[in-house]
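> Quick one: the structure is below, questions incoming.
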Amino acid sequence: MAQEHIIVDRRDGVLELRFNRPEKKNAITNAMYGVLADSIFAAANDPGLRAILFTANGDFFTAGNDIADFAATAGGTVDGQPRHVVRFLEACIRAEKPLVAAVQGAAIGVGVTMLFHCDLVYVAENAKLSTPFIDLGLVPENASSLTIAARIGHARAFAMLGLGEPLLGRDAVACGVANAAAPAGEVEARARAAAQALAAKPAEALRLTKKLMRDPATLIARMQEEGAIFAERLQSDEARAAFAAFLTRR
Ligand code: COA
């Protein structure tokens, strides 16, 4: 199923990773994280791939982590399977090849926090970026307690993380989260063109430039610090109640 839910493709030197679970708003399951992580790590050693594009089918980029999987997480496993999310987050943070995102619809949770590890982000004008961790009894992940405030300042970051206020497409551009906003139907083509332009650049100069501009060690340390608290919070009464409310709401 995971292979169906993440379509992996390569075009003109770009690895395209497409969320394809639109009936579930592209919520990301453990198995999907596994495919994403494996694909990104494999691309690191593939000289034919020079950039990575995240894109999606449907009206959501992704509604974030699958909540049933949150509820089924215990220690390092999800339903008894190894937990792949951390490998995915690390793959994004450590990626030496540029990451480009086409956010053609709404994004929630990790669908937003991953954008702060992307090098170019294109959003739909009507995109809505939300990080409702607190409402789920959780804390920020993916180093987002650091990255969001660093990019947009504490006050706006706290409105997102503390109040759960969404950031809308054009505002995401205005505050430096995204490069450009476009009509939803044009976002993917715009992002793909940018990824292909990167793929055509001198690869080593591009790799060195990204390396100079990013600091994975600090981000990994913060991700691990958050991850330890997040794992505890997944078992908390607040989180359990929120997951149960979502999973039984119909
Ligand atoms: N995990 C698991 N399933 C999810 C999901 C998620 N994060 N987000 C959406 N879905 C599923 C819904 O359960 C529903 O499944 P069903 O048709 O089998 O009941 C399907 O996707 C469509 O979602 P629905 O809620 O009917 O659509 P909507 O347009 O009314 O609302 C959302 C869409 C995304 C706003 C709403 O589903 C939502 O709040 N999801 C949770 C988002 C979230 O908190 N993510 C975790 C962030 S850390």
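The values are calculated or read from the model by the stated rules, or taken from the named source; none is laboratory data. Keep in mind the model is a prediction, meaning the values are calculated, not measured. Just so you know, the surface numbers come from the protein's heavy atoms only, side chains and all, with ligands and any DNA or RNA stripped out. Shrake-Rupley method; radii C 1.70, N 1.55, O 1.52, S 1.80 Å.
> Whose amide H sits under 5 Å from the amide H of Ala178, counting only residues 5 or more places off or on another chain, with H placed in the peptide plane?
Those qualifying (amide H under 5 Å, at least 5 residues apart or on another chain) are Val173.
> Shifting gears a bit: Would you pull out the residues with amide H under 5 Å of Val14's amide H, same chain only if 5 or more places away, H placed 1.01 Å from N?
Arg50
> Per the Kirkwood treatment, what hydrodynamic radius in Å, one decimal, follows for segment 2-203 from the mean inverse distance over all distinct Cα pairs? Write down the numbers at each step before the final one.
Working: mean 1/r = 0.0597 Å⁻¹.
Across segment 2-203, the inverse of the average 1/r is 16.8 Å.
> Then there is this: I'd like the carbon and sulfur percentage of the solvent accessible area for the chain, probe radius 1.4 Å, heavy atoms only, ligands and nucleic acids excluded.
Summing carbon and sulfur atoms, their accessible area is 56 percent of the total for the chain.
> Rounded to the nearest 5, what is the percent of antiparallel bridges among the DSSP beta bridges in the chain?
Here the antiparallel bridges make up roughly 35 percent for the chain.
> Quick one: Karplus J couplings for segment 77-83, per residue in order, coefficients 6.51, -1.76, 1.60, θ = phi - 60°, nearest Hz, x for Gly and Pro?
Along segment 77-83, the couplings run 10, 10, 6, x, 9, x, 7 Hz.
> Still on this structure: Using Cα centres only, tell me the gap between segment 192-237 and segment 112-186 in whole Å.
15
> Once amide H atoms are built 1.01 Å from N in the peptide plane, which residues 5 or more positions from Ile6, or in another chain, come under 5 Å H to H?
Those qualifying (amide H under 5 Å, at least 5 residues apart or on another chain) are Asn20.
> Given contacts defined as C-alpha pairs under 8 Å and at least six residues apart, what's the relative contact order of segment 1-135, whole-number percent?
Values: 264 pairs, mean separation 32.1, N = 135.
Rounded, it is 24 percent for segment 1-135.
> Please calculate how many Å² of accessible area the chain carries per residue, with a 1.4 Å probe and no DNA, RNA or ligand atoms counted.
On a per-residue basis, the chain sits at 45 Å².
> Another one. In straight Cα distance, which lysines are under 18 Å from Lys24, not counting same-chain residues fewer than 8 positions off?
Correct list for Lys24: Lys128.
> Please list, in order along segment 97-103, the HN-Hα scalar couplings obtained from phi with the Karplus expression 6.51 cos²θ - 1.76 cosθ + 1.60 (θ = phi - 60°), rounded to whole Hz, x for Gly and Pro.
Whole-Hz 3J(HN,Hα) from phi for segment 97-103: 8, x, 10, 10, 10, 10, 9.
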